[in-house]
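First comes the structure, then the notes that go with it.
The values are calculated or read from the model by the stated rules, or taken from the named source; none is laboratory data. No experiment lies behind these values; they were computed from the predicted model shown. As a convention, Cβ positions derive from the backbone with ideal geometry for all residues, glycine included, and neighbour counts pool all protein chains shown.
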Amino acid sequence: MRDVCIVGGGVAGLAASIFTARAGLDTLVIDGGESILARNASLENYPGFPDGVDARRYLQLSRDQARNAGAEFELGRVTRAVPVDGAIPSESREAGETGDETDLEQGFVLETEGGDPVETRRIIAASWSDSEYLVPLDVGRMQRGSKHFVDVDRGGRTAVDGVYAAGRIADEPHQTIVAAGHGAKVGLAVIHDSDANLYHDWVVPEGYFTGRDRDVPPGCEEIDESERRERDEQARETMLEAFAEPLDERPTMHPSVDVDDED
Ligand SMILES: Cc1cc2nc3c(=O)[nH]c(=O)nc-3n(C[C@H](O)[C@H](O)[C@H](O)COP(=O)(O)OP(=O)(O)OC[C@H]3O[C@@H](n4cnc5c(N)ncnc54)[C@H](O)[C@@H]3O)c2cc1C
């Protein structure tokens, strides 16, 4: 049983996974395709990249960061989510009960196309634009045109305990930085709702807390100057290597546009 399973390894899902994995939650990301950001030609409004960045590079680096944090990945489209002990009776939910028959504390089962079912205590749906697999859970979806959005509170919590939604699917603005920020925020809500002990996910200079006779709060880390330099060196090396050569991949074109690959 995973602590948290994130459906969708795009912008919001990756950001959420970095936070939940760093907080020590056993985190699995299941991705069934490619982020819609792979269609972008040059990502120029994400803070930290003054002249923009190749969007596929950004996604690749975010995946590396999630892996470094301890998140695991599985490929496959999620097709159905149900409680471990069976379907939620909708009459009980309408009456505001989860009922003895359905104990959501026992978690959920995610069925995937071609893969083994995955059991998880919590689900983050970060799967723009598919939320069909949540229908059996009756989380509360809103339809606008051909798209469905999941109804959530400020922390990304849906009407069903243990099920969250992040990014565009939660009706956040269609921008990368917003989806990433929302993913992080929903990750923090999951951490808050689980047993993980977290104050802030911060790395601070040695003495920042202890120099004031305070304990280092859970989730924070004090590092000395030589450790800081070592980490900075590693970080620069990683980025220099990542940006040394342009990526071969081209943006994915909208499926309805005819493209001549010889161009
Ligand atoms: C052409 C184009 C250009 C853009 N350019 C910019 C830009 O310049 N700047 C900007 O800020 N934003 C841009 N965006 C918007 C940005 O890409 C999105 O807002 C952002 O990617 C939303 O993040 P998300 O995590 O919600 O969705 P996504 O990043 O799309 O991630 C969703 C993930 O869920 C997976 N998934 C879906 N269904 C399932 C399922 N059933 N099971 C498992 N996995 C599933 C998908 O494979 C995908 O990896 C652009 C978008 C497009 C289409």
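Between R214, R228, R236, which is surrounded by 13 or more Cβ atoms within 10 Å (Cβ to Cβ) and out of contact with any helix residue (DSSP H, G or I) (no Cβ under 8 Å at 6 or more places or on another chain)? Step through it out loud before you land on a result.
Working: R214 fails: surrounded by 13 or more Cβ atoms within 10 Å (Cβ to Cβ); R236 fails: surrounded by 13 or more Cβ atoms within 10 Å (Cβ to Cβ).
Answer to the check: R228.
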The lone exception for E132 - which of (1) under 20 Å from V109 (Cα atoms); (2) in contact with a helix residue (DSSP H, G or I) (Cβ under 9 Å, 6 or more places away or on another chain) it fails: (2)
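Keeping to the range 34-43, report how many residues are within 6 Å of the ligand (Cβ to nearest atom) and surrounded by fewer than 16 Cβ atoms within 10 Å (Cβ to Cβ).
First pass over the range 34-43, keeping only residues within 6 Å of the ligand (Cβ to nearest atom): 34-37, 39-40, 43.
Filter again for surrounded by fewer than 16 Cβ atoms within 10 Å (Cβ to Cβ), leaving 34, 39.
Going through the range 34-43 one residue at a time, the tally reaches 2.
Do we have F73 as of a type in the set (F, W, Y) and surrounded by fewer than 20 Cβ atoms within 10 Å (Cβ to Cβ) here?
On the way: of a type in the set (F, W, Y): yes; surrounded by fewer than 20 Cβ atoms within 10 Å (Cβ to Cβ): yes.
Yes: the conditions hold for F73.
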Residues of the range 20-52 classified as in contact with a strand residue (DSSP E or B) (Cβ under 9 Å, 6 or more places away or on another chain) and hydrophobic (A, V, I, L, M, F, W, C), total: 8
Residue that is farthest from V186 (Cα to Cα), among those in the range 44-64 that are more than 7 Å from the ligand (Cβ to nearest atom) and part of a loop (DSSP other than H, G, I, E, B): D51
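Among the residues of the range 10-27, write down those that are outside any helix (DSSP H, G or I), within 16 Å of E221 (Cα to Cα) and in contact with a Ser or Thr (Cβ under 9 Å, 6 or more places away or on another chain). Lay out the reasoning, then the answer.
Let us first name the residues in the range 10-27 that are outside any helix (DSSP H, G or I), namely 10, 23-27.
Filter again for within 16 Å of E221 (Cα to Cα), leaving 23-24.
Residue satisfying the conditions is A23 alone.
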Checking F209 against (1) away from the ligand (no atom under 16 Å from the Cβ); (2) within 30 Å of S131 (Cα to Cα); (3) at pLDDT 95 or above, the condition it does not meet: (2)
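Scan the range 248-255 and tell me whether some residue there is away from the ligand (no atom under 16 Å from the Cβ) and not assigned by TED's automatic domain parsing to the domain that holds Q60.
Here is the first cut: in the range 248-255, the residues away from the ligand (no atom under 16 Å from the Cβ) are 248.
So of that shortlist, the ones also not assigned by TED's automatic domain parsing to the domain that holds Q60 come out as 248.
There is at least one residue in the range 248-255 that is away from the ligand (no atom under 16 Å from the Cβ) and not assigned by TED's automatic domain parsing to the domain that holds Q60.
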Residue within the range 97-108 that is farther than 21 Å from S129 by Cβ, at pLDDT below 55 and in contact with a Leu (Cβ under 8 Å, 6 or more places away or on another chain) present: yes
Qualifying positions in the range 25-51 - at pLDDT 95 or above and among the small types (G, A, S): S35, A38, A41, S42, G48
Subset of the range 133-168 (residues that are under 19 Å from V82 (Cβ atoms), within 15 Å of the ligand (Cβ to nearest atom), in contact (Cβ under 8 Å) with a residue 40 or more places away in the chain and touching a Ser or Thr at 6+ places or on another chain (Cβ under 9 Å)): Y133, L134, L137, Y164, A165
Test: residue in the range 175-196 that is at pLDDT below 95 and surrounded by fewer than 10 Cβ atoms within 10 Å (Cβ to Cβ): yes
Residue list for the range 28-43, restricted to those being within 21 Å of the chain's Cα centre (by Cα) and either more than 20 Å from I123 (Cβ to Cβ) or in a helix (DSSP H, G or I) (or both): E34, I36, L37, A38, R39, N40, L43
